[in-house]
1. Identify the single condition in (1) at pLDDT 95 or above; (2) open to solvent by 50 Å² or more (accessible area, probe 1.4 Å); (3) assigned to a loop (DSSP other than H, G, I, E, B) that Asn13 does not satisfy, given that it satisfies every other one.
2. Taking the range 97-121 only, how many residues are open to solvent by less than 60 Å² (accessible area, probe 1.4 Å) and more than 14 Å from the chain's Cα centre (by Cα)?
3. Tell me the residue from Ala105, Ala94 that is outside the structural domain of Asn318 (by TED's automatic domain parsing) and near ligand 1 (Cβ under 7 Å from one of its atoms), please.
4. Output the number of the condition that Ala222 fails; it satisfies all remaining conditions of (1) more than 23 Å from Ser29 (Cβ to Cβ); (2) away from ligand 1 (no atom under 16 Å from the Cβ); (3) in contact with a Gly (Cβ under 9 Å, 6 or more places away or on another chain).
5. (1) assigned to a helix (DSSP H, G or I); (2) closer than 29 Å to Pro86 by Cβ; (3) free of Cβ contacts under 8 Å to residues at least 60 places away in the same chain: which one isn't true of Thr249, the others all being true?
6. Can you tell me which residue among Ala56, Ala50, Ala65, Ala45 is farther than 30 Å from Leu217 by Cα, open to solvent by 50 Å² or more (accessible area, probe 1.4 Å) and touching a residue at least 24 places away in the same chain (Cβ under 8 Å)?
7. Filter the range 65-118 for residues that are of a type in the set (A, V, I, L, M) and closer than 25 Å to Leu33 by Cβ; which is nearest to ligand 2 (Cβ to nearest atom)?
8. Select from the range 237-266 the residues that are more than 16 Å from ligand 1 (Cβ to nearest atom) and among the charged types (D, E, K, R) and list them in ascending order.
Amino acid sequence: MVLSNPSKAAENNPVDWTEREFALIQSLSLSQLPPQPPSPSNRYADNPSAASLGRAIFNDARFSANGEVSCATCHRQDYGFTDDLPRGLGIGVANRRTMPIVGMAYQKWFFWDGRADSLWSQTLGPLENPVEHGIDRHQVQQLVSAHYAQPYQQVFAGDATNQPVDQVFANTGKALAAHVRTVLPETTLFDLYADALRSDSNETSILTTAETRGLRLFVGKAKCVNCHNGPMFTNGEFHHSGTPDNGETDLGRGAAFSDLETTEFGFFGKWSDADPQADGDHIRFLDRNTHKYAGTFKTPTLRGVSDRPPYMHNGAFNSLAQVLNNYRAVSGSTLADEVFHGDLTDRDLVDLEAFLGTLSSNSNDFHN
Ligand code: HEC
Ligand code: HEC
């Protein structure tokens, strides 16, 4: 991509990146995204017919108590697969903000607190959550039998009407997961910049001076890359970020471990396709220190972030400027080194925000 606006280009000065910075920038680039890892607990995860059944159900509002709520009501494709509300709104108001569901195949834990250990198990949660879809597994079975009998039969080689209700429920989750896995990130201005750097094509004017400074802070002094790393800008793990709790205590990861044990739809549960001997190291070696994880949440992806306010698990902030101001305010606080971001100046915050803007797929429009 060539920057066509010469006045813009004149503002840009090529940057000499250190070897370390260069390596970190490349590690964030979409070109480094590996092929989707397999999903051993879901043997239909990469089955295209399962994905197309899952896509239909994802968009089907009949799967709700009032006939008006589908997964797509909250996970809006036109809004980075989340919504513009501080808390998800279905049959009622959810406890937390809707998460963007891009690049899910690269994650091991699901929900802000990671209380689901596989994607198909996650998708069953909202269906039976009274404030989301507000139905139950018996209704899921009836709806699948009434509207998707044939595709169900084709994918799962069984009759949805006669199979045990839990089996139909689990299979519905597996089809939904197969669809969600197809939602992948799009190339952004940042990726074009990383590619240009690698090819030495001298097109480093793709980013403005402010965006370039923001990138340097992101991978350096501000330590953002400690948690927002890899091509999805997330390590998929649980951390303190100093988000204010808005009056309601949410222990996040610290309260999630019991859910992992009680669900029959888990990675090691009855309906899983995983091999309990070989798969599931993320569960076997899980650190279950509730004290350490109290008040931690899953690091969200930053791809597309500037297009989809509000932010954080509770929608505490309406703008990236507020997110960054809070990071500065809590830096070096009692949360200790997890949230140490160096001494960020006002200009640093502006430049970090400019850089975050380059992580949107439409960011190439606003430069031209
Ligand atoms: C009422 C709004 C709403 C509906 C409807 C809804 N979700 Fe969500 N989704 C949320 C919220 C809120 C969260 C975070 C919940 C939490 O952490 O407790 C979430 C989290 C997720 C996640 C986890 C993402 C991650 O990175 O861990 C996935 C995947 C997901 N939803 C898929 C679905 C699917 C599939 C459906 C339909 C069966 C669905 N959602 C229906 C609001 C909704
Ligand atoms: C210690 C790990 C960690 C570090 C370091 C970190 N973050 Fe985060 N970030 C998180 C977590 C966890 C959340 C979600 C917090 C919550 O929901 O309350 C988050 C949320 C965000 C969000 C909101 C995204 C959304 O969809 O809600 C933005 C933007 C963000 N971080 C940017 C940054 C920037 C810029 C830096 C560097 C100044 C940074 N982060 C450093 C872990 C981290």
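1. The single condition Asn13 does not satisfy is (1).
2. Filtering the range 97-121 down to residues open to solvent by less than 60 Å² (accessible area, probe 1.4 Å) leaves 97-107, 109-114, 116-121.
Those left that are additionally more than 14 Å from the chain's Cα centre (by Cα): 117, 120-121.
So the answer is 3.
3. Working: Ala105 fails: near ligand 1 (Cβ under 7 Å from one of its atoms).
Only one candidate passes the filter, namely Ala94.
4. Among (1) more than 23 Å from Ser29 (Cβ to Cβ); (2) away from ligand 1 (no atom under 16 Å from the Cβ); (3) in contact with a Gly (Cβ under 9 Å, 6 or more places away or on another chain), Ala222 violates only (1).
5. That leaves (1) as the condition not met.
6. On the way: Ala56 fails: open to solvent by 50 Å² or more (accessible area, probe 1.4 Å); Ala50 fails: open to solvent by 50 Å² or more (accessible area, probe 1.4 Å); Ala45 fails: open to solvent by 50 Å² or more (accessible area, probe 1.4 Å).
The unique qualifying residue is Ala65.
7. From the range 65-118, those of a type in the set (A, V, I, L, M) are 65, 69, 72, 85, 89, 91, 93-94, 99, 101-102, 104-105, 116; that's our starting set.
Within this subset, residues satisfying the condition of being closer than 25 Å to Leu33 by Cβ are 72, 99, 101-102, 104-105, 116.
Working: Ala72: 19, Met99: 8, Ile101: 12, Val102: 11, Met104: 15, Ala105: 19, Ala116: 17 Å.
Per the criteria, the residue is Met99.
8. Here is the first cut: in the range 237-266, the residues more than 16 Å from ligand 1 (Cβ to nearest atom) are 240, 242, 244, 247, 261, 264.
Scanning the range 237-266 gives Glu261, Glu264.
The values are calculated or read from the model by the stated rules, or taken from the named source; none is laboratory data. Not measured: the values here are computed from a predicted model. Please note: Cβ atoms are built from the backbone with ideal geometry, for glycine as well, and neighbour counts cover all protein chains shown. Only protein heavy atoms, including side chains, enter the accessible area calculation; ligands, DNA and RNA are left aside. Shrake-Rupley method; radii C 1.70, N 1.55, O 1.52, S 1.80 Å.
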